[in-house]
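The values are calculated or read from the model by the stated rules, or taken from the named source; none is laboratory data. No experiment lies behind these values; they were computed from the predicted model shown. Cβ coordinates were reconstructed from backbone atoms using ideal geometry, including for glycine residues, and neighbour counts include every protein chain displayed.
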């Protein structure tokens, strides 16, 4: 289980205007949740925000690196999380703007995965 660092604590404080921030240890990294939305990862003191087809271009255009991690076989796997721009780490307003992109992607993912409600028996 990784230990929280000063950077992890700093990120939690900076992101707190978004809601109740929970940090969960996961596979040597930390998952960040705002309320119940998983929207960010910190690995090796690098902050990444969730991206999807709607907002990925913003991260790519800003030159943000995708989150990669090694697999047991030596290959690298990617998750759709992108590094926060360096400039955002010096400006909480900018950081929160990028974080909101991650939250929006997490919300869209939740809606997409939501089970369809049973409409009940057909009317006769």
*Which condition number in (1) in contact with a strand residue (DSSP E or B) (Cβ under 9 Å, 6 or more places away or on another chain); (2) without any contact (Cβ under 8 Å) to a residue 40 or more places away in the chain; (3) more than 19 Å from residue 104 (Cβ to Cβ) is the one that residue 48 fails?*
(3)
_Residue list for the range 31-49, restricted to those being closer than 18 Å to residue 88 by Cβ, in a strand (DSSP E or B) and in contact with a helix residue (DSSP H, G or I) (Cβ under 8 Å, 6 or more places away or on another chain)_ = 32, 34, 39, 40, 42, 47, 49
*Given the structure, is residue 83 at pLDDT 95 or above, surrounded by 10 or more Cβ atoms within 10 Å (Cβ to Cβ) and touching a strand residue (DSSP E or B) at 6+ places or on another chain (Cβ under 7 Å)?*
yes
_Restricting to the range 63-80, and then to whatever is part of a loop (DSSP other than H, G, I, E, B) and touching a strand residue (DSSP E or B) at 6+ places or on another chain (Cβ under 8 Å), can you tell me which residue is modelled with the lowest pLDDT?_
71
